Amino acid sequence: MTAGQGKRERTRSALLDAAVEVVAEKGVEAAKISDITTAAGLANGTFYNHFNDKDEILREAAYGIAFEVVRRLDAEMEGIDDAAIRVVTATTRFVSILTAERDWSAVLLGGADRLPDFREDLYRYLRSDLERGVAQKKFDVEVTTFLIDQVVALIAVAVRAQLHTAPDPRLTREVCGSVLRLLGMTPSKAARAIEAASRQG
């Protein structure tokens, strides 16, 4: 990833890569700047030539990962208009990506917990599909931040559970059903949306 970059950019990239590695190993709260510089093979002072504090490097790492995840989700959902199928497709793919990229999950979930502005940007992506579902009369809810908190909590449970075991498509489908029922769909309609999404996948 650093090919063709100047020295400053390579150093910054090394610090970001190290931050992801350290957060994945120790968690957001326990990770220290000295851990990051050690993992990058750099002096502590070098960190402050690029970032002001741990939150700043965490924010940049989290946004970089989120950008890549959203790029992949957009590719998966191109041409899907039905909001329920979009929610199932996005949830399934999101869980799949984060259980495959374990380091990413620690940064994304930890960043969402620690950085309110990052969490709000993530929510904007989900909010649009929920509002689409209300407009399509698929979802019978008022789209609030509290509702999105609940949806994200369910998805995070699916990710964390599968990080500790192995990928479990059955569990992911169960979480998709829980999300759709939370959004006001009946169990039978939720099941049909999950089945339709699986056929499109």
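The values are calculated or read from the model by the stated rules, or taken from the named source; none is laboratory data. All values derive from a computational prediction rather than experimental measurement. Cβ: placed from backbone, ideal geometry, glycine included. Neighbour counts: every protein chain shown. Areas reflect the complete protein model, heavy atoms only, side chains present, ligands, DNA and RNA absent. Shrake-Rupley method; radii C 1.70, N 1.55, O 1.52, S 1.80 Å.
Couple of notes before you dig in:
- Checking each residue in the range 1-25 for being under 20 Å from R102 (Cβ atoms), in a helix (DSSP H, G or I) and open to solvent by 70 Å² or more (accessible area, probe 1.4 Å) picks out D17, E21, E25.
- Residues that are β-branched (V, I, T), closer than 21 Å to V143 by Cβ and open to solvent by less than 60 Å² (accessible area, probe 1.4 Å), drawn from the range 155-193: I155, V175, V179
- Elements of type helices (runs of 4 or more DSSP H) contained in the range 26-100, each with 3 or more residues being open to solvent by less than 40 Å² (accessible area, probe 1.4 Å): 33-40, 54-77, 83-100
- Residue match in the range 74-85 (condition: closer than 30 Å to A196 by Cα and under 14 Å from the mean Cα position of the chain (by Cα)): yes
- Test: A156 is farther than 29 Å from G110 by Cα, among the hydrophobic types (A, V, I, L, M, F, W, C) and either modelled with pLDDT of 95 or more or within 17 Å of the chain's Cα centre (by Cα) (or both): no
- Test: residue in the range 68-90 that is polar (S, T, N, Q) and within 24 Å of L163 (Cα to Cα): yes
- A61 within 29 Å of A24 (Cβ to Cβ), touching a residue at least 24 places away in the same chain (Cβ under 8 Å) and hydrophobic (A, V, I, L, M, F, W, C): yes
- Whichever residue in the range 125-143 is more than 12 Å from L182 (Cβ to Cβ) and out of contact with any helix residue (DSSP H, G or I) (no Cβ under 7 Å at 6 or more places or on another chain) and, among such residues, is most open to solvent (accessible area, probe 1.4 Å): K137
- In the range 103-122, the residues that are more than 13 Å from A156 (Cβ to Cβ) reach residues that are of a type in the set (K, R) with C-beta atoms within less than 8 angstrom, at least six apart or across chains, in these pairs: L115/R59; D117/R59; F118/R59.
- Any hit, the range 150-171, residues being among the acidic types (D, E) and touching a Leu at 6+ places or on another chain (Cβ under 9 Å): no
- In this structure, L109 does not satisfy being over 26 Å from D149 (Cα atoms), open to solvent by less than 50 Å² (accessible area, probe 1.4 Å) and either assigned to a helix (DSSP H, G or I) or not hydroxyl-bearing (S, T, Y) (or both).
- The set of residues in the range 153-177 being closer than 15 Å to R86 by Cα and not charged (D, E, K, R) consists of I155, T172, V175, C176, G177.
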